[in-house]
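K.L.:
Let me begin by handing over the structure; questions about it come next.
The values are calculated or read from the model by the stated rules, or taken from the named source; none is laboratory data. Owing to the predicted nature of the structure, the values given are computational and were not obtained by experimental measurement. Backbone-built Cβ (ideal geometry, glycine too); neighbour counts: all protein chains shown. Side chains are part of the model used for accessible areas, which takes the heavy atoms of the whole protein and leaves out ligands, DNA and RNA. Shrake-Rupley method; radii C 1.70, N 1.55, O 1.52, S 1.80 Å.
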Amino acid sequence: MTTSFKLKWSIVSLFLTTVVTAIVLISCQKGAEPIISNLKGKPTSYSSDVLDKWMTMQLRLMRNATGIPNQGFSRHFAYSGIAAFEALKPGMTNQTAKWSDKWNGLTGLPVTGHAKKYYLPANVNAAMAAINKAMFPNATAGDKAAVDSLELALKNEFLSSQSAEVITTSTEYGNAVATAVFNWSENDGYKNANAPYTIPTGEGKWKPTPPAFANPATPYWGNNKTIIKGSTYNAQPGPAAQYSTDPGSFFYKMVKEVYDSSFVLTDDQKAMANFWRDVPGVSSPGHWLSILQQVIKQNETTLEKAALAYALTGAACNDALISCFEGKYEYSVVRPITYIREVMGQTTWNSFLTTPGHPEYSSAHSSLSMASAGVLQNLFGNSGNFTDHTYDYLNYAPRTYATFYDIAAEAGLSRFYAGIHYKHSIQIGLLQGERVVLNIFSKNNKPEPIGKYNSK
């Protein structure tokens, strides 16, 4: 079966074990000078402790938030990371600061004052407090109090070694950065994602799925403005596999693979599906924020590099999801549960996990995961085995991976075992995420195609 693609991609098996990796380490040039020098240290001289504390706080906010669609948390992830990154601009090396040129329309940032002194961790503290308050306006009273408490605790800690004047200057700068980033975020189109939508009808088209038979979720998310210029260029695949009810067709066999697998799931496959369920949990973007936090700790990353990783991983996750949702509602492919019940006649069949309320093609977990993994690979390279402890608090056993790409591959495959995606759509989602990463890094570092799914 041959599928037409807008890109001439070569789809490689999901289970390949040979990894062709291009490692691009993003670091400061030796001897590079910061934008201004009137500082209490450079961002490369600080640990990422302040950012670690705010990542923990943001994961708490994500875990407790209501009324936000799963993929919507990519915005909170991305814009917070950019706020942290831009808050460090007064002391950032010119090489790292050039990443700001990638932001798609961010304006209104404060001008760094050459006559002013900044304590950069305090810049980040203020920016992270302000952006999270703005992005989570409906947080619980307890969570709002926790945000205020963390901001004040860090501020008092900084005052033990810095003058009140320096901390005030840094706080004002961080707040101004957060205001600019939030104002930018409010115009990315997310408010229109649930505008009135008529579900297309016809053979093979998606329809609301059991048990809730809910209306389609965020049908216009694919119209959102990307965070990074050109990130989704050529990221859209062509139509999904040709629909057919013929038992000999590729489409029928693709669905039957999901159906047959559902009866022989191993304990590990079930554990994998639950581990990547993410709702309830920290959300799928939040899961990758948690992975990022763990990677930063594992590598003892400096504040500057941690902020860059926060910004780029969140942006890649966000933009990959925009590309994915554009395709979902363009092609409106039927979910396995609908086909299995209505075409195969298995009217009582249920997927292992509840099917999300949007079309099947392509896999969002795959696209956001490969995009996130690709950024981590570019920034951290092969840093050895990684054990994901995101869901220790739910008593899920941690899972260990040899590479960042293995994490992405498993995240995608988990949706097959969950009974909600076809393997073909998982592979396409991985390719979408990879393409987004290639676009993001195309000019700054010109990497070769990355990972197992090499684009042609």
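K.L.:
Could you grab me the full set of residues in the range 291-316 that are more than 18 Å from residue 128 (Cβ to Cβ) and open to solvent by less than 10 Å² (accessible area, probe 1.4 Å)?
P.N.:
If the condition is that a residue be more than 18 Å from residue 128 (Cβ to Cβ) and open to solvent by less than 10 Å² (accessible area, probe 1.4 Å), then 291, 295, 316 are the ones that fit.
K.L.:
Then there's this: Six or more apart or on different chains, Cβ under 6 Å: which pairs go from a residue in the range 192-214 that's modelled with pLDDT of 95 or more to one that's in a loop (DSSP other than H, G, I, E, B) and charged (D, E, K, R)? Could you list them?
P.N.:
Matching pairs, first to second residue: 209/335.
K.L.:
What number of residues in the range 252-290 are of a type in the set (Val, Ile, Thr) and open to solvent by 40 Å² or more (accessible area, probe 1.4 Å)?
P.N.:
3
K.L.:
In the range 363-398, how many are assigned to a helix (DSSP H, G or I) and either open to solvent by 30 Å² or more (accessible area, probe 1.4 Å) or more than 24 Å from residue 227 (Cα to Cα) (or both)?
P.N.:
Looking only at that region, the number is 3.
K.L.:
Another question, then. Determine the pairs where a residue that is of a type in the set (D, E, K, R), located within the range 133-149, has a partner that is assigned to a helix (DSSP H, G or I) with Cβ atoms under 7 Å apart, the partner being 6 or more residues away or on another chain.
P.N.:
Sorted first by the residue in the range 133-149, then by its partner, the pairs are 133/147; 143/60; 143/61; 143/64.
K.L.:
Considering only the range 171-181, how many residues are under 21 Å from residue 72 (Cα atoms) and either aliphatic (A, V, I, L, M) or open to solvent by less than 50 Å² (accessible area, probe 1.4 Å) (or both)?
P.N.:
3
K.L.:
Next question. Please return the ranges of helices (runs of 4 or more DSSP H) entirely within the range 75-170 where 1 or more residues are surrounded by fewer than 16 Cβ atoms within 10 Å (Cβ to Cβ) and either more than 20 Å from the chain's Cα centre (by Cα) or at pLDDT 95 or above (or both).
P.N.:
Counting at least 1 such residues, we get 94-97, 141-159.
K.L.:
Sticking with this one: Would you confirm, using the coordinates I've provided, whether residue 66 is touching a Leu at 6+ places or on another chain (Cβ under 8 Å) and open to solvent by 10 Å² or more (accessible area, probe 1.4 Å)?
P.N.:
Criteria not met by residue 66.
K.L.:
Another question, if that's okay. Based on what the data block shows, is residue 400 under 19 Å from residue 271 (Cβ atoms) and of a type in the set (Val, Ile, Thr)?
P.N.:
Taking the combined requirement at face value, the residue satisfies it.
K.L.:
Only one of these conditions is not met by residue 44: (1) open to solvent by less than 10 Å² (accessible area, probe 1.4 Å); (2) in contact with an Asp or Glu (Cβ under 7 Å, 6 or more places away or on another chain). Which number is it?
P.N.:
(1)
K.L.:
Moving on to the next point. Condition check: among the hydroxyl-bearing types (Ser, Thr, Tyr) and more than 21 Å from the chain's Cα centre (by Cα). Does residue 66 satisfy that?
P.N.:
Answer is no for this residue.
K.L.:
Within the range 399-416, is even one residue of a type in the set (Ser, Thr, Tyr), more than 21 Å from residue 297 (Cβ to Cβ) and either surrounded by fewer than 21 Cβ atoms within 10 Å (Cβ to Cβ) or touching a residue at least 24 places away in the same chain (Cβ under 8 Å) (or both)?
P.N.:
Yes, the range 399-416 contains at least one residue that is of a type in the set (Ser, Thr, Tyr), more than 21 Å from residue 297 (Cβ to Cβ) and either surrounded by fewer than 21 Cβ atoms within 10 Å (Cβ to Cβ) or touching a residue at least 24 places away in the same chain (Cβ under 8 Å) (or both).
K.L.:
Test residue 225 against the stated conditions and say whether it is out of contact with any Ser or Thr (no Cβ under 8 Å at 6 or more places or on another chain), outside any loop (DSSP other than H, G, I, E, B) and open to solvent by 40 Å² or more (accessible area, probe 1.4 Å).
P.N.:
no
K.L.:
Please go through the range 310-327 and give me each residue that is β-branched (Val, Ile, Thr) and over 23 Å from residue 48 (Cα atoms), ordered by number.
P.N.:
322
K.L.:
Right, another one. Can you confirm whether residue 191 is surrounded by fewer than 19 Cβ atoms within 10 Å (Cβ to Cβ), part of a helix (DSSP H, G or I) and of a type in the set (D, E, K, R)?
P.N.:
It is true that residue 191 is surrounded by fewer than 19 Cβ atoms within 10 Å (Cβ to Cβ), part of a helix (DSSP H, G or I) and of a type in the set (D, E, K, R).
K.L.:
If you don't mind, another one. From the residues in the range 323-344 that are touching a helix residue (DSSP H, G or I) at 6+ places or on another chain (Cβ under 8 Å) and charged (D, E, K, R), which one is surrounded by the fewest Cβ atoms within 10 Å (Cβ to Cβ)?
P.N.:
Within the range 323-344, the match that is surrounded by the fewest Cβ atoms within 10 Å (Cβ to Cβ) is 330.
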